[in-house]
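Structure first, commentary second.
The values are calculated or read from the model by the stated rules, or taken from the named source; none is laboratory data. Bear in mind the structure is a predicted one, so any value in this text is a computation, not a measurement. All Cβ positions, glycine included, derive from the backbone under ideal geometry; neighbour counts span all protein chains shown. Just the protein is used for accessible areas: all its heavy atoms, side chains included, with ligands, DNA and RNA removed. Shrake-Rupley method; radii C 1.70, N 1.55, O 1.52, S 1.80 Å.
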Amino acid sequence: MNTSELIGSGALWLAIPVAMLAGLVSFLSPCVLPLVPGYLGFIGGAVAPRGAAAGSAPNRGRLVLGVLLFILGFSIVFIAFTIIGGAASVFFLQWGDLITRILGVVIIAMGLVFLGLFGFAQREFRMHVTSKTGLIGAPLLGFALGIGWAPCIGPTLTAITAVSWTLGDPWRASFLGLAYSLGLGIPFLLVALGFGWATKTIGFLRRHIRIVNILGGVLLIALGVLMVTGLWTDLMSRLTAVMGSVILPL
């Protein structure tokens with residue numbers, strides 16, 4: 001499948017915004033949002049020039065570069081998750097509809113986890129990366145946290161991996177991993193760039209994180225219901241047919 005076909009797929013056009021929204025919901029999760037200042041402080045320490053005074057503010061350009069490398073690190077993890085999901089669907093294509101419905105049940109369960117019904121299932125595994133490793137420490141931190149966050153952001157990550165299954169192609173699924181990573185990473189970048197409104201928004205959301213979790217859980221449950229009932233597959237098929245008749249200037 002060439003690039004035009006990949007990008008022109010109606011199913012992909014529907015799935016990409018869903019993946020970005022899921023990434024944003026992950027950013028707003030209890031294991032990410034409250035710790036944003038700490039993550040940025042860690043990255044600042046990692047990218048600070050040698051000999052810089054302890055506690056001194058990092059250069060803005062180096063901090064932004066560090067955040068981009070940090071995003072790259074966890075993007076590798078999440079893109080790998082979705083590629084695996086897309087590849088698995090190729091081998092189990094004959095049971096695709098049944099497995100999509102089963103995955104819908106799993107997503108509904110993950111939505112309930114996000115609502116707080118199964119608190120034991122939402123936790124974070126911590127992996128240690130020193131902040132004195134220079135610029136290489138930023139992508140290492142992103143990679144480590146991509147794995148360490150997995151249990152905590154499991155509800156949204158599971159949903160996107162399940163959606164990647166419905167695309168039936170590992171390369172198209174990789175676009176979902178990228179979109180999910182952007183949804184999670186762009187807020188980090190906005191804060192690092194020093195946008196005051198981004199910082200204020202995060203502060204507001206931290207004060208109302210329970211409402212954010214409820215909304216995120218409801219969205220996951222809605223997606224799960226669509227997959228269980230077969231409506232999601234039907235919608236994806238219809239969009240693919242519509243987009244297939246459109247010639248894109250690529």
(request) Return yes when L190 is surrounded by 14 or more Cβ atoms within 10 Å (Cβ to Cβ) and free of Cβ contacts under 8 Å to residues at least 40 places away in the same chain and no when it is not. (result) yes
(message) Against the conditions (1) within 24 Å of G104 (Cβ to Cβ); (2) open to solvent by less than 70 Å² (accessible area, probe 1.4 Å); (3) at pLDDT 75 or above; (4) in contact with a Phe, Trp or Tyr (Cβ under 9 Å, 6 or more places away or on another chain), where does G185 fall short? Just the number, please.
(response) (1)
(message) Against the conditions (1) at pLDDT 85 or above; (2) within 15 Å of I160 (Cα to Cα), where does L220 fall short? Just the number, please.
(response) (1)
(request) Tell me, please, whether a residue that is under 28 Å from L135 (Cα atoms), at pLDDT 75 or above and not in a helix (DSSP H, G or I) can be found in the range 55-68. (result) no
(request) Can you give me the number of residues within the range 199-216 that are part of a helix (DSSP H, G or I) and either farther than 17 Å from G116 by Cβ or open to solvent by 60 Å² or more (accessible area, probe 1.4 Å) (or both)? (result) 12
(message) Suppose the filter is at pLDDT 70 or above and surrounded by fewer than 23 Cβ atoms within 10 Å (Cβ to Cβ); does L167 pass it?
(response) no
(message) Can you find a residue that is at pLDDT 85 or above, open to solvent by less than 60 Å² (accessible area, probe 1.4 Å) and out of contact with any Ser or Thr (no Cβ under 6 Å at 6 or more places or on another chain) anywhere in the range 227-243?
(response) yes
(message) Filter the range 61-87 down to the residues that are open to solvent by 40 Å² or more (accessible area, probe 1.4 Å) and of a type in the set (F, W, Y) and list them by number.
(response) F81
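Based on this model, can you work out whether V25 counts as open to solvent by less than 30 Å² (accessible area, probe 1.4 Å), modelled with pLDDT of 80 or more and under 26 Å from G142 (Cβ atoms)?
Yes.
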(request) Can you give me the number of residues within the range 29-48 that are surrounded by 21 or more Cβ atoms within 10 Å (Cβ to Cβ) and either within 20 Å of the chain's Cα centre (by Cα) or at pLDDT 85 or above (or both)? (result) 2
